[in-house]
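The values are calculated or read from the model by the stated rules, or taken from the named source; none is laboratory data. If you're wondering where the values come from, they're calculated on a predicted model, not measured in any experiment. Here the Cβ is made from the backbone with ideal geometry for all residues, glycine too, and neighbour counts use every protein chain on show.
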Amino acid sequence: MKNYFCIASLLLIIMTFISCHFSRNSKITISEIDKQNIASNTKQDSSELEKIIKTESEWEKILSPEQFKILRQKGTERSFTGEYWDNELKGMYHCAACNLPLFDSGTKFKSGTGWPSFYDVVLKNNVEEHRDISYGMERIEVTCRRCDGHLGHLFDDGPSPTGLRYCINSASLNFERTAK
């Protein structure tokens, strides 16, 4: 019975990685991002964000255990379990750690991956993109520019007009509903 549980858990982990991290034609690299300037149609904000710097102990006191695991330790929630993967309400998604506006519901789409997916950010200046070579893959990690919190990953298989898919963990977000 114990071996069955271990095998089932391993399969679940593998399937989770496959659904979010492997996407069709997603051989995207940092240099391609720089060359293509893929978010060139995103509104720019010339103002500088003041960094929020806290110790891991301070973050642990502020965030829930799941938020801490994802935002500070670069974890990933299981697909189809997060609070916002199927949220269709109108509003703004903010960083759960520092409340910086990140994504507008107007750019959210159903990707079929089980994570909230957006084709654009509110302001390009509010996120950073980093090369991520963990787990034997090359991906683009997306972090909050103000607090350096891990949000998720960026893929190039999204819808028009950007062709991008920001695959984001629900636990890294807070949602603020707007009037109908």
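Observations
- Checked against (1) under 12 Å from the mean Cα position of the chain (by Cα); (2) exposed (fewer than 13 other Cβ atoms within 10 Å of the Cβ); (3) hydroxyl-bearing (Ser, Thr, Tyr), SER64 passes all but a single condition, namely (1).
- Residue that is farthest from PRO101 (Cα to Cα), among those in segment 118-159 that are modelled with pLDDT of 95 or more and of a type in the set (Gly, Ala, Ser): GLY158
- Residue match in segment 146-160 (condition: of a type in the set (S, T, N, Q), surrounded by fewer than 23 Cβ atoms within 10 Å (Cβ to Cβ) and closer than 21 Å to GLU83 by Cβ): no
- Checked against (1) in contact with a helix residue (DSSP H, G or I) (Cβ under 9 Å, 6 or more places away or on another chain); (2) surrounded by 14 or more Cβ atoms within 10 Å (Cβ to Cβ); (3) free of Cβ contacts under 8 Å to residues at least 40 places away in the same chain, TYR93 meets all criteria but (3).
- Of residues in segment 53-102 being among the charged types (D, E, K, R) and part of a loop (DSSP other than H, G, I, E, B), the one nearest to VAL121 (Cα to Cα): LYS90
- Of the residues making up segment 147-170, none is hydroxyl-bearing (Ser, Thr, Tyr) and in contact with a His (Cβ under 6 Å, 6 or more places away or on another chain).
- Just one of (1) over 18 Å from ALA171 (Cβ atoms); (2) at pLDDT 95 or above; (3) of a type in the set (Gly, Ala, Ser) fails for SER64. It is (1).
- Residues (touching a Leu at 6+ places or on another chain (Cβ under 9 Å) and surrounded by fewer than 23 Cβ atoms within 10 Å (Cβ to Cβ)) located in segment 96-120: LEU100, PRO101, SER105, TYR119, ASP120
- Count of segment 136-145 residues which are within 24 Å of CYS95 (Cβ to Cβ) and either touching a residue at least 24 places away in the same chain (Cβ under 8 Å) or surrounded by fewer than 12 Cβ atoms within 10 Å (Cβ to Cβ) (or both): 6
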